Amino acid sequence: MAPPNKVILDEYFDFSNGKFRVNSVPLLSEVPTNVSFSPFSSICQSSEAPLPLFQRLLALSHKGGFNKDVPSDRLMNSLGSFTGRDFLSIFRFKTWWSTMWVGNSGSDLQMETQWVLLNVPEIKSYVIIIPIIEGSFRSALHPGTDGHIMICAESGSTQVKASNFDAIAYVHVSDSPYNLMKEAYSAGGSMLGPNAPSFDPKKPKMLISKAIELEHAEKDRDKAIQSGVTDFSGFEAKILKFQQELDEMFGGEESSSGAFTRDLRTKFKGLDDIYVWHALCGAWGGVRPGSTHLSSKVVPCKVSPGLDGTTNDLAVVKIVEGGIGLVHPDQSEDFYDSMHSYLASVGITGVKVDVIHTLEYVSEEYGGRVELAKAYFKGPTSSLSKNFGSGLISSMQQCNDFFFLGTHQISMGRVGDDFWFQDPNGDPMGVYWLQGDQGPFVVVQCM
């Protein structure tokens, strides 16, 4: 479907008599009277996107909203129904990981669906519906009865309530599913103003460390133990070899971090980058109160109803048990710069930030999950510009909240989850199984 030379706002979508259509083809029927669909251009007059792309976005897009009588911090509403139309979707099956789902009815969707791509063979095109962020509310799609597709808008704080949404869903059409993804997320993010994802992020280099080889060798041994193997000599020999190699890297008279990075570059002449791991909140459990100059406190964790309806996760169970030592969001820039400036001074060139989706557990007192995320992501955005450029690998981040709020300076993300044998709900095959269907999803949103 070629875009027009001149932006024509109402050519592709039409909403009337309870039906939402694309080029006269019904997409959604039985649309409730409290739901609205209107041109995206009515709320987005400018963007950092290149002008030709921006004009195309305006011509091929609509936004959706709804209103309720009573304000709440969590609202659920139907967008309409569809049956007999094939779709591909991505849904969040754990806090931080998403995967693919297919079906042909709104009732076939999974909870916490991040987007749904509808096949429209009548016009040889595809339409994507993305639940987006409006104000202090994020959203996700859920299954309804009788083919209805539900949208859930939630703030993450009982202190933050609303009843009216003008642009809580984004709709886009294209004849190419690949162009569709990039265009749709570019447009959806453009409504976030200064929090919008970058349209031209720099691409950092990659690094594979010896420590990861050791970690995988230990996992192989532990899986063998679980399966009843009694002879561990082969596993232990491999682990010992990697440990000795790491010991040699740390060897020498000096034992500081700076000495370590100098030794690495001396022994590995072609080494370009050295990355260090940390979690978004510091460590998995955050920062211990009183251990630094920063103001932190242990905040109890609360899992949202939508997330609570997904797969059980042992990691989440443990985090909920202990809470998170949360550095106050007003200190986010100081928090990340304190870590990153030191690391940069000793020769570290980037970081892998893990456990990204935890802020939603502790957002009650901080204006909700959207406002807390906005405040927190100012930290890595500022610190990366100062210390590492774009040298950050995001991990455990597969949710629209991150892709809309956290990717202004971040251009690289981990696409899959390796097997965690201690988790009773993990993949029993031990296969790095998410990377196939998640790769295009993450790449498009971080590019």
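Structure above, values below:
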quantity: Residue in the stretch 76-86 that is among the hydrophobic types (A, V, I, L, M, F, W, C), at pLDDT 95 or above and assigned to a strand (DSSP E or B) present; calculated: yes
quantity: Scope the stretch 333-365; condition surrounded by fewer than 22 Cβ atoms within 10 Å (Cβ to Cβ) and in a loop (DSSP other than H, G, I, E, B); matching residues; calculated: Val346, Gly347, Thr349, Glu364, Glu365
quantity: Single condition Val102 does not satisfy, out of (1) of a type in the set (A, V, I, L, M); (2) surrounded by fewer than 23 Cβ atoms within 10 Å (Cβ to Cβ); (3) touching a residue at least 60 places away in the same chain (Cβ under 8 Å); calculated: (3)
quantity: Only listed residue being surrounded by fewer than 21 Cβ atoms within 10 Å (Cβ to Cβ), of a type in the set (Val, Ile, Thr), within 28 Å of Gly64 (Cβ to Cβ) and at pLDDT 70 or above, chosen from Thr230, Thr145; calculated: Thr145
quantity: Any pair with Cβ under 6 angstrom, 6 or more apart, that starts in the stretch 61-72 at a residue that is over 18 Å from Val31 (Cβ atoms) and ends at one that is assigned to a strand (DSSP E or B); calculated: Pro71/Ala162; Pro71/Ser163
quantity: Hey, Leu51 surrounded by fewer than 22 Cβ atoms within 10 Å (Cβ to Cβ), among the aliphatic types (A, V, I, L, M) and at pLDDT below 85 or not; calculated: yes
quantity: Qualifying residue in the stretch 98-112 (condition: hydroxyl-bearing (Ser, Thr, Tyr), under 22 Å from the mean Cα position of the chain (by Cα) and modelled with pLDDT under 95); calculated: yes
quantity: Total residues in the stretch 268-302, condition without any contact (Cβ under 8 Å) to a residue 24 or more places away in the chain and charged (D, E, K, R); calculated: 1
quantity: Answer from Ser411, Ser382, Ser395 - the residue that is in contact with an Asp or Glu (Cβ under 6 Å, 6 or more places away or on another chain) and modelled with pLDDT under 85; calculated: Ser395
quantity: Residues (assigned to a helix (DSSP H, G or I) and buried (at least 16 other Cβ atoms within 10 Å of the Cβ)) located in the stretch 258-314; calculated: Ala259, Phe260, Thr261, Asp263, Leu264, Gly306, Leu307
quantity: Test: residue in the stretch 52-69 that is within 30 Å of Leu314 (Cα to Cα) and part of a loop (DSSP other than H, G, I, E, B); calculated: no
quantity: In the stretch 343-390, the residues that are in contact with a Pro (Cβ under 8 Å, 6 or more places away or on another chain) and of a type in the set (Ser, Thr, Tyr); calculated: Tyr366, Tyr376, Ser390
quantity: Meets criteria (over 20 Å from the mean Cα position of the chain (by Cα) and at pLDDT 85 or above) for Glu371; calculated: no
quantity: Count - residues of the stretch 157-188 that are in a helix (DSSP H, G or I) and either within 29 Å of Asp69 (Cα to Cα) or not assigned by TED's automatic domain parsing to the domain that holds Thr113 (or both); calculated: 1
quantity: Qualifying position, being more than 25 Å from Asp308 (Cα to Cα), hydrophobic (A, V, I, L, M, F, W, C), out of contact with any strand residue (DSSP E or B) (no Cβ under 6 Å at 6 or more places or on another chain) and at pLDDT below 75, among Ala196, Ala187; calculated: Ala196
quantity: Only one of Gly322, Gly389 that is at pLDDT below 95, under 21 Å from the mean Cα position of the chain (by Cα), of a type outside the set (Phe, Trp, Tyr) and over 22 Å from Ser98 (Cβ atoms); calculated: Gly389
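The values are calculated or read from the model by the stated rules, or taken from the named source; none is laboratory data. Values in this document were obtained by computation on a predicted structure and should not be read as measured data. Glycine also receives a Cβ, built like all others from the backbone with ideal geometry; neighbour counts cover every protein chain displayed.
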